[in-house]
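So the structure is just underneath, and the comments pick up after that.
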Amino acid sequence: MSINQSGWRPTAPEQGKGNVPASVTGNKALMLEEALIFEIGDTQTTGVDFWSPAKAGAQTGSPPSRGNKLGALARANPIGLPGLSEPETVRHYTRLSRQNYGIDLGFFPLGSCTMKHNPRLNEKMARLPGFSDVHPLQPVDTVQGALEVIHQLAHWLVTLTGMTSVAMSPKAGAHGELCGVLAIRAALEAKGEGHRKIILVPESAHGTNPATAAFAGYSVEDIPATAEGRVDTAALKARLGPDVAGVMITNPNTCGLFERDMREISDAVHAAGGFVYCDGANFNAIVGRVRPGDLGIDAMHINLHKTFSTPHGGGGPGSGPVVFSAALTPYAPLPFVEKQGETFVLVEEETAGEHHAGSFGRMVAFHGQMGMFTRALTYILSHGADGLRQVSEDAVLNANYILRSLDDTLDAPFGPSGPCMHEALFSDSGLAEGFSTIDVAKGLIDEGFHPMTMYFPLVVHGAMLVEPTETESKAALDQFIAALRSVAERAKAGDPSLKTAPHFAPRARLDETLAARKPVLVWKDPAPLAQAAE
């Protein structure tokens, strides 16, 4: 799998033509190509030279002795990992890191993801002793500060949403969805209505909603969207009945629109004996302005990494607290933090007593993600109530600025539906024949921008979903708008160079279907295996 033989490290198309020499190394100026770590090192060598008496004896002329200071820790069999020197190791991973894109490098326009800037103050607080090294099995009297942080954050979440209680332990948005659905199931069973097995999910909801409902054992039925991109309220009401457990709705929805009939929908579901779950992933668009509890919501998860700016992505621990209405609070999961006098205690199975006997159980082994809690509370306290209101106002302003700046170039299917919320939605309608959303996205890479979310939501053909968040300046948005306008005009004109974009990235366009269906995730030695003698 060498650079010259594999063919998986293509160079820019202009190289090798005219006076531009073809690249031998695969390097593009100071963006250095990097081989796999197995191609750099050798599994038969090591980058560390361990002292041993044998070597010392050879240097002094004394008889060699067996063993070294590793003693019984010395490995008897090869580990199969390549040996690299320290400079080789540092350079390898540094070069790889330069091929990553992150929010600290530039604008991350992924719609539905809320890739906002993470204030460094949050990180500083999360790394304070007592937070960064806290252990879930410590005695409660040694972690009073940590429990107070959880309690304070819980208070803010309940206040901002207008709900009654909150479960802090769910680890992510989808985990929070499951938490809410399990509470709904417990409430229905307590009322003797466990026969309700249908969850209604609008087309404009997040894709995890139907998956969560099915995972919890419910059958899922779709509710169509109107021509303006909102829930068809009449269709939803017509489907309600004694077999419906509830509805899972996303508000603001994945078309970037606020569900104006939310209160009417909630009242209808409640009148039919069901519950309302709201996907709160887009809470960043309404925080400080709309309280979901006032809209009749019974349960809603909150992605702390989206609305309250804890680190997003990277595979680290997430956090998806779930707020509950009074009707579902008795069935919320354990544990939770409660203040008794001047002391903070953890209410768990042994201490729940009669006041929380209806809980459906617990979602995780311990109490949640301390680092995420600390970051989120720091973010909330540094903004204050008025600052959080400005967060949503600026996020909505930025999204509408992008929508109206580009709706003369790109098709905005729901542009006539009124102002959008936190994200602007475009389609591939109007592009030249043979050109699609992926060509626009790859062209954006050559302009220095990470692509927007592509082909989601599914209700729009060739969807391009852009979410600027509130942390991008007008200057940054103007740069992005100019780049996207340029690429869109090229796609509408049928510029053939877009079909092979990106040209200046570390990698040319990959076969994404093959990469998804047949990913190569494990290194295999290309040398042929030894064959037994016949």
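For the reader, a short list of remarks on this structure follows.
- Separation in nanometres of the label points that stand 7 Å from Cα toward Cβ, at residue 504 and residue 140: 6.0
- At R0 = 35 Å, FRET efficiency that the Cβ-Cβ distance of residue 355 and residue 271 yields, to 0.05: 0.75
- Full extension of the chain segment joining residue 474 with residue 39 gains 152.1 nm, where the gain is 0.36 nm per residue of separation less the Cα-Cα distance.
- Hits among aspartates and glutamates - C-alpha to C-alpha of residue 28 under 17 Å, sequence gap 8 or more where chains match: 14, 446, 447
- The magnitude of the dipole of segment 134-252, with charges of +1 and -1 set on the Cβ of Lys/Arg and Asp/Glu and taken from the Cα centre, is near 160 debye.
- Residue 85 paired with residue 386, simple spin-label distance in nm, labels 7 Å along Cα-to-beta-carbon: 6.0
- About its Cα centre, the dipole of the chain is roughly 1220 debye, where the only charges are +1 on Lys and Arg Cβ and -1 on Asp and Glu Cβ.
- Sum of side-chain charges, residue 480 neighbourhood, beta-carbon under 10 Å (Lys, Arg +1; Asp, Glu -1): -2
- Rounded to the nearest 10 Å², the accessible area of residue 452 at probe 1.4 Å: 10
- Relative contact order %, the chain, counting alpha carbon pairs below 8 Å whose residues are six or more apart: 17
- Label selected from (i) 21, 55, 23, 1; (ii) 18, 43, 30, 8, 1; (iii) 21, 58, 20, 1, the criterion being P(r) over Cα pairs in 20 Å bins from 0, in percent as computed here: (ii)
- The value of relative contact order for segment 390-534, using C-alpha pairs under 8 Å at least six residues apart, is 26 percent.
- Under 24 Å from the Cα of residue 191 - lysines, other chains or at least 8 residues apart: 237
- Take every Cα pair under 8 Å whose residues are at least 6 apart in sequence, average their separation, divide by the length of segment 239-365, and the relative contact order is 17 percent.
- Apportionment of accessible area to carbon and sulfur, the chain, percent (1.4 Å): 57
- Global geometry of segment 109-258, whether rounded, prolate or oblate, following the gyration tensor of its Cα atoms and the 1.5 cut on a/c: oblate
- Global form of segment 196-299, assessed from the alpha-carbon gyration tensor, a/c cut-off 1.5: rounded
- Residue-normalised accessible area of the chain, given per residue in Å² at a 1.4 Å probe: 49
- Near residue 525, once Lys and Arg are set to +1 and Asp and Glu to -1 for all other residues with Cβ below 14 Å from its Cβ, the sum equals -1.
- Sequence ranges 513-520, 81-88, ranked by mean other-Cβ count within 10 angstrom, highest first: 81-88, 513-520
The values are calculated or read from the model by the stated rules, or taken from the named source; none is laboratory data. As the structure is a computational prediction, the values presented were derived from the model and not from experiment. Cβ: placed from backbone, ideal geometry, glycine included. Neighbour counts: every protein chain shown. Surface accessibility is based on the protein's heavy atoms, side chains included, excluding ligands, DNA and RNA. Shrake-Rupley method; radii C 1.70, N 1.55, O 1.52, S 1.80 Å.
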